[in-house]
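Trainee: First, the structure itself, so that you have it in front of you.
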Amino acid sequence: YILGDEFISNYSSSSSREASYTPLLVFVNSRSGPQQGRFLIAQLKRLLNPIQVWDLADGGPEKVLESFMVFTRLRILVCGGDGTVSWILSVLEKMAPDRWPPIAILPLGTGNDLARMHGWGGGYNNESLSLILKQISEAYVSLLDRWELTVVDNKKKGNKVLDTKSFTNYLGVGVDAQAALQFPQLRN
């Protein structure tokens, strides 16, 4: 289903209260970190309309994002680790939206470096979800650089591009990268 701003109560009204409505789309990786995701999904579905909460274990974010991107004031909450946030950012990047929605992070993963860097903390410790949702609606939006790495085989004529990857806050290419790769494989 494709939704639109017209579904927000009194969206066309000039009242400042109605003009301040900000739809929130929540992605939860129920497999991240200590697997708090199932609890969060149940709680968030009580606080929000259940259509706004998507468990990434049920499928990728592409179709859900496509439906919600029509909201001009959309905000996104990603409940997961750095890998989950990178996944959502990669999908958004492929969609090439005219306007990127602000993205908040509720860290559930093991590293959570990106969430720490932006002041969202290192992990969820059963804080009030109502308070977290209020903080998201009032949060300052900060910009985030997204980098692209292109691997080129310069031994072949024409410098053949082997791969291109986007990354957000860090890039590991040694032992740390190997450990990070093996962790989700062992968990699954």
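Trainee: If Leu65 passes every condition in (1) touching a residue at least 24 places away in the same chain (Cβ under 8 Å); (2) within 28 Å of Asp98 (Cβ to Cβ); (3) open to solvent by 20 Å² or more (accessible area, probe 1.4 Å); (4) not aromatic (Phe, Trp, Tyr) but one, which one does it miss?
Mentor: Failed condition: (3).
Trainee: Here is a further query. When you check Arg73 against the structure, is it open to solvent by 30 Å² or more (accessible area, probe 1.4 Å), out of contact with any strand residue (DSSP E or B) (no Cβ under 8 Å at 6 or more places or on another chain), over 28 Å from Glu148 (Cα atoms) and not hydroxyl-bearing (Ser, Thr, Tyr), yes or no?
Mentor: no
Trainee: Only one residue in Ser16, Ser86, Ser32 is within 19 Å of Ala104 (Cα to Cα), at pLDDT below 85 and not aromatic (Phe, Trp, Tyr). Which one? Step through it out loud before you land on a result.
Mentor: On the way: Ser16 fails: within 19 Å of Ala104 (Cα to Cα); Ser86 fails: at pLDDT below 85.
Going through Ser16, Ser86, Ser32 in turn, just one is within 19 Å of Ala104 (Cα to Cα), at pLDDT below 85 and not aromatic (Phe, Trp, Tyr): Ser32.
Trainee: Could you check, for region 126-133, whether at least one of its residues is loosely packed, with under 11 Cβ neighbours inside 10 Å, out of contact with any Gly (no Cβ under 9 Å at 6 or more places or on another chain), under 28 Å from Gln35 (Cβ atoms) and of a type in the set (Gly, Ala, Ser)? First the steps, then the outcome.
Mentor: Of all residues in region 126-133, those loosely packed, with under 11 Cβ neighbours inside 10 Å come to 126, 128, 130-131.
Among the residues that remain, those that are also out of contact with any Gly (no Cβ under 9 Å at 6 or more places or on another chain) are: 126, 128, 130-131.
Still in the running and under 28 Å from Gln35 (Cβ atoms): 126, 128, 130-131.
Adding the requirement that they be of a type in the set (Gly, Ala, Ser) leaves 128, 130.
Yes: region 126-133 contains one or more residues that are loosely packed, with under 11 Cβ neighbours inside 10 Å, out of contact with any Gly (no Cβ under 9 Å at 6 or more places or on another chain), under 28 Å from Gln35 (Cβ atoms) and of a type in the set (Gly, Ala, Ser).
Trainee: Restricting the search to region 48-107, which residues are basic (Lys, Arg) and either over 16 Å from Ser166 (Cβ atoms) or touching a Ser or Thr at 6+ places or on another chain (Cβ under 8 Å) (or both)?
Mentor: Step one: list which residues in region 48-107 are basic (Lys, Arg), which gives 63, 73, 75, 94, 99.
Within region 48-107, Lys63, Arg73, Arg75, Arg99 meet the criteria.
Trainee: Among the candidates Val78, Val161, Val151, single out the residue that is out of contact with any Lys or Arg (no Cβ under 7 Å at 6 or more places or on another chain), surrounded by 11 or more Cβ atoms within 10 Å (Cβ to Cβ) and not charged (D, E, K, R).
Mentor: The match here is Val78.
Trainee: Would you please name the residue that is nearest to Ser137 (Cα to Cα), looking only at residues in region 98-122 that are open to solvent by less than 80 Å² (accessible area, probe 1.4 Å) and more than 15 Å from the chain's Cα centre (by Cα)?
Mentor: Gly119
Trainee: Provide a single number: the residues in region 131-164 that are outside any loop (DSSP other than H, G, I, E, B) and among the aromatic types (Phe, Trp, Tyr).
Mentor: Residues in region 131-164 being outside any loop (DSSP other than H, G, I, E, B) and among the aromatic types (Phe, Trp, Tyr): 1 in total.
Trainee: Looking for something within 15 Å of the chain's Cα centre (by Cα), surrounded by 13 or more Cβ atoms within 10 Å (Cβ to Cβ), at pLDDT below 80 and hydrophobic (A, V, I, L, M, F, W, C) - is there at least one such residue anywhere in region 179-187? It would help to see each step written out before you state the result.
Mentor: Residues of region 179-187 that are within 15 Å of the chain's Cα centre (by Cα), as a first pass: none.
Taking every residue of region 179-187 in turn, none turns out to be within 15 Å of the chain's Cα centre (by Cα), surrounded by 13 or more Cβ atoms within 10 Å (Cβ to Cβ), at pLDDT below 80 and hydrophobic (A, V, I, L, M, F, W, C).
Trainee: Scan region 99-119 and report the pairs whose first residue is closer than 20 Å to Glu66 by Cα and whose second residue is assigned to a loop (DSSP other than H, G, I, E, B) and open to solvent by less than 60 Å² (accessible area, probe 1.4 Å), with Cβ atoms within less than 6 Å and a gap of 6+ or a chain change.
Mentor: The qualifying pairs are Pro101/Leu74.
The values are calculated or read from the model by the stated rules, or taken from the named source; none is laboratory data. None of these values were measured; they are calculated from a predicted model. Using ideal geometry, Cβ is built from the backbone for each residue, glycine included, and neighbour counts are taken over all protein chains shown. Side chains included, ligands, DNA and RNA excluded: accessible areas come from the protein's heavy atoms. Shrake-Rupley method; radii C 1.70, N 1.55, O 1.52, S 1.80 Å.
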